[in-house]
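Below is one structure; the comments refer to it alone.
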């Protein structure tokens, strides 16, 4: 079954929308934050913990699973859900972003066929094409697969961006033709760099091909916040209302709010688990770093009022002790809190949209979050 | 309340004994395996997971907690149970073993007063004495504290061993005098190296001082297995039947069986979590290393018939993938299996003792375990 998006309520004052997404593994409300499980696990966590945080879709990386353990192993295991013991929905990316960001020595050769590059693990020569990406994702058997695209760096000149954007559209067509998994959905990706006309062009052409959902790619690559928000606006203008919209790689709380305001439904980011390993915790008063000496004898939870497992059972002093002593349980407890923080954020956003007070909610949240009383 | 040991059944053919230990945090059956939570956490795991494995006492390290986060922080948190969110019983060691094994450059100066050494973290000069060890443990507020002793290396000459053993007895007396926590129990430790007369002497003198339980120290320091088993025999001969007996630092399945046969009730070891991080799993057919290529497409559990969370939900292929990709969840899943393996071992041992078939059980287990069909 292909995913089905239902628009349930549009905010009266912005483009924010509340909806539901039906998948082969349950129906979930949007806007939604999707935790990232790069290597078929959300680092340090088990599925039961993700479900206790009310996770819905989680994301896993085609590039990483292609290299380790290999898509054939996952297929023989019965697909990614069985392999990693997660019975909620899973989205796989196309591998494109990792090819561009992780390739050994960043050396890569982009041709019409695909991308030639060297493995970041052992340097061996690899070729990823739209067809290969679809083949791998079909075998991984995720609920949602992504088109193979080039994530254009920022800044990039107009000529290159145009050439790349047109090629990505050709790749999207080839990928759709090569896609063979009836149970799986396929999302297209809007590129076009920071050029408004190319974003419009990319969105219109991608929609013409026809996908089960649309992603906005190419953001969070070094452009400023204002440029990023404009890129979202430019992409979303031509996306159909009846399909889900996914802003790739975005997980900063303020950016999630800005994305929702512009009509985005899905977000993913490694941020909550990555900052956890460095001792950072999201709070409504801004990020805090638990290594700070002032938490040494702070026997309160990471965040007052948080319902996560960590905040219900542990103190800042204990988490600080684990992180400063390099105990991986510290990263695990912070990951639980940070993921739950972003899931709570979208839960609150969904209620605010339904009550037509998204603008107030956003302002209050950002005012408090950016004041950084925490640190 | 001091711990209370009740001898419930003695094996008809060996010195193996089945009993119960009443603590401030519940009553539990013995023989018992105690997982090690060095820095106020059993590496990668939370207390709920330990309880799901039927853990009882867990061990934490006085030396490590003294250095980080400091015993005063733990005391202000309400003691170790509150700090780490474990409501089962906790045993703290004296710090002696770590002082001898971890001191910076192994440089230490043992005087009658105590041990002068350098922190393994920052090299600063520290002094641990029997009084200081008791003060720290009293503040940590564990259920069971251990006497401060010298763990004699192997081999050691008779004169040195005698001198050290006598000093450990004086330290034990001083520790008992300095001990001020009515809720906490204090165990003595039998030393004496590998010399039978010194083991006898140490046991008798330690019992004369009078403790709530007795540990057998100084094993697993490089002596052979036969020497170790003799050391246990020599120590246990003079220990009172009505008190619990604890063989420190022993967690190899075969050694647990040999210890039980000689009348030991309590065991602890970092082995199950340490080998987990290197990809090793206990099975009844011997240890296996999950990195072995033959497990790449092995979609069976780590061990057939195991009731642990890992074996109930994951395959060898998945755990192998996590370990080879350096994902810490791999160590977590293996730790769960390995700890549960040792807890299942003592569960089976307890039943075998009650049914007077410990000797058969031991033989069958060792035959199968040492055949190593696994790898």
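Observations on the model:
- Alpha-carbon Debye profile of the range B:276-371, log10 I(q)/I(0) at 0.24 Å⁻¹: -1.18
- Relative to the other identical copies, residue A:68 shows label-point distances of 2.5 nm, where the label point lies 7 Å from Cα along the Cβ direction and values run shortest first.
- Mean residue ellipticity, 222 nm, helices only, chain A: the sum of -39500 (n - 2.57) across DSSP H runs of n ≥ 4, divided by residue count and rounded to 500, is -12500 deg cm²/dmol.
- Projected onto their three principal axes, the Cα atoms of the protein assembly as shown cover extents of 91, 55, 43 Å, largest first.
- Order of A:318, A:361 under a 10 Å beta carbon neighbour criterion, fewest first: A:361, A:318
- Using the Cα coordinates of the range B:25-65, the gyration tensor eigenvalues translate into equivalent-ellipsoid semi-axes of 18, 13, 8 Å, sorted from longest to shortest.
- Residue of chain B with the smallest Cβ distance to the axis mapping B onto A, distance rounded to whole Å: B:328, 2.
- Label-point gap, in nm, between residue B:313 and residue A:125 - each point 7 angstrom along Cα→Cβ: 4.4
- In this structure, residue A:225 and residue A:364 have a Cβ-Cβ separation that, at R0 = 30 Å, corresponds to a calculated FRET efficiency of about 0.95.
- Cα long-axis angle, helix A:130-140 against chain A (0 to 90 degrees, to the nearest 10): 50
- A Förster radius of 25 Å combined with the Cβ-Cβ distance from residue B:197 to residue B:112 puts the calculated FRET efficiency at roughly 0.65.
- Fewest-first sequence of A:150, B:360 by Cβ atoms within 10 Å of each Cβ: B:360, A:150
- Looking at chain B, the DSSP beta bridges with both ends there are about 50 percent antiparallel.
- Taking every alpha-carbon pair within the range B:98-220, the share separated by more than 20 Å comes to 43 percent.
- GNM result for chain B, Cα springs below 10 Å: residue of B:222, B:286, B:305 fluctuating most strongly: B:305
- C-alpha long axis of helix B:328-354 to longest principal axis of chain B, angle in °: 80
- Percent of Cα pairs in chain B per distance bin of 10 Å, from zero to the largest separation: 5, 24, 33, 26, 10, 1.
- For residue B:370, the label point sits 7 Å beyond Cα toward Cβ; its separations from the matching points on the remaining copies run 7.1 nm, from shortest to longest.
- What separates the residue A:177 label point from its copies, with the point 7 Å along Cα to Cβ, is 9.2 nm, written shortest first.
- Principal-axis tilt of helix B:196-209 within chain B, Cα atoms, nearest 10 degrees: 70
- Prolate/oblate/rounded label for the range A:1-159 (Cα gyration tensor, a/c 1.5): oblate
- Cα centroid separation, the range B:60-81 to the range A:338-367 (Å): 39
- Remark: B:227, B:46, B:270 ranked as B:227, B:270, B:46, counting other beta-carbon atoms within 10 Å and listing the fewest first.
Only the coordinates and a few stated rules stand behind these numbers; no lab work does. These numbers come from a predicted model, not from an experiment. So basically every Cβ, Gly included, is an ideal-geometry build from the backbone, and we count neighbours across all protein chains shown.
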